[in-house]
Amino acid sequence: MKVALVHEWLDSYAGSERVLEQFLAIWPEADLFAVCDFLPEAERGFLRGKPVTTTFIQRLPLSRRMFRNYLGLMPLAIEQLDLSGYDLVVSNSHAVAKGVLTGPGQLHVGYVNSPMRYAWDLQHQYLRQARLETGLKGAMTRWLLHRLRLWDRSSALGIDSIIGNSHYIAERIRKVWRREATVIHPPVDVARFGLGTAPRGDHYLLASRMVPYKRVELVVEAFRRMPGRRLVVTGDGPSEPLVRAAAAGAPNVELRGRVPQVELVALTQTARAFVFAAEEDFGIAMVEAQACGTPLIAFGRGGSRDIVQDGTTGLLFPEQSAESVMAAVERFEALPAPIAPEACRANALRFSEDAFRAAMRAHVEALLP
């Protein structure tokens, strides 16, 4: 059986690349395709030396730095990949990878990290953040996103079996594509995050990239209003000035910036709880915290509903507001019995790399003749 793996684009080793890494472990004989490949040499180890067949986007001017600016051409580019000689095509998509063309006698399984959020329900938020709500450039962007929505829905019809990475994404797929999706959660390297031997400290932890939708400043504001509770925040990003403003005058809030992996693991293993206010598609950081035996206090929408076992491995709060975070922390402190680290660890193992590979193999084998 000839297998083709289709990835979006390769420029860093992040969440979707972890999925690709496991696909290469399942199908090491597969050929690899992508819109473009600008992955640094230091991060290419997970590709196992496999060559990558790319599209014409790879050769366009300034594409190394600005390939995302060619988003409008990517549907055309992905359709030019000739996969006619393959029996099984597995795409790993959050934008256009699932739009490859296949024919009768070929099985196309699409692993969907998300439909194009910026083209669907988050369009208005994207335009606001990019300051494209008005003007000629804004009008052109709206037209482009309209064309992308049409292509996105029509190309989804070519997938034989759709897999969503969470029930939240399966709902989004049902809403925008009118297709049903099987849920297989993404792989998490839980072996890197183990139960520690040090006693729990007095700090709560938030580890996150500081971008607007993560709502880090909201959690900081909540703890600023709870001077008796200590919060440690790690990470950096464009929203850092907003976060620092929220933490001003709060000695109980410590902003450490980006920290080494060893320090992050130690902070997680000794935290009273991991606090998370983002509406995530899934939420790998939450699983990593659970792997350390650390309870979660998380916003109850998005992927957190797949991860948090409310009352057993953590607590969910209903609103993205400082008041809701504060109420959840006080409810956590008032629990009649502490949440067991072993229960959190056992919960995290549901999302291990081994579990992901087993689920993917079983799903594909059930579809093959």
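Okay, here's what the table says:
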quantity: Sequence of Ile26, Ile173 once ranked by neighbouring C-beta atoms within 10 Å, starting from the fewest; calculated: Ile26, Ile173
quantity: Mean Kyte hydropathy of -1.0 or more with a Cα span along the axis of at least 24 Å, helices from DSSP in the chain; calculated: 135-156
quantity: Mean Cα-pair separation over length for the chain, i.e. relative contact order, pairs under 8 Å, 6 or more apart, %; calculated: 13
quantity: Given charges at Cβ of Lys, Arg, Asp, Glu: the chain dipole, positive-most of Ala25, Pro104, Gly300; calculated: Gly300
quantity: Point-charge dipole on Cβ atoms (K/R +1, D/E -1) for the range 190-351, about Cα centre, debye to 20; calculated: 240
quantity: Order of Glu180, Glu254, Glu17 under a 10 Å beta carbon neighbour criterion, fewest first; calculated: Glu180, Glu254, Glu17
quantity: Charge dipole magnitude, Cβ of K and R +1, D and E -1 - the range 153-202, Cα centre, debye nearest 20; calculated: 260
quantity: Mean Cα-pair separation over length for the range 191-251, i.e. relative contact order, pairs under 8 Å, 6 or more apart, %; calculated: 40
quantity: Mean residue ellipticity (222 nm) of the chain, computed from DSSP H runs ≥ 4 via -39,500 (n - 2.57), nearest 500; calculated: -10500 deg cm²/dmol
quantity: Only Lys, Arg (+1) and Asp, Glu (-1) charged, at Cβ; the chain dipole about Cα centre in debye; calculated: 860
quantity: Between the range 194-244 and the range 1-59, the Cα center-to-center distance that results, in Å; calculated: 34
quantity: Dipole of the range 190-351, positive end: most advanced residue of Pro336, Ala246, Val265 [Cβ charges, Cα centre]; calculated: Val265
quantity: Separation of the Arg131 and Glu180 label points, Cα + 7 Å toward Cβ, nm; calculated: 4.8
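Read the figures in this text as sums done on the coordinates, not as results from a lab. Computed from a predicted structure; not experimentally measured. A quick note on method: Cβ atoms are made from the backbone with ideal geometry, for glycine too, and the neighbour counts reach across all protein chains shown.
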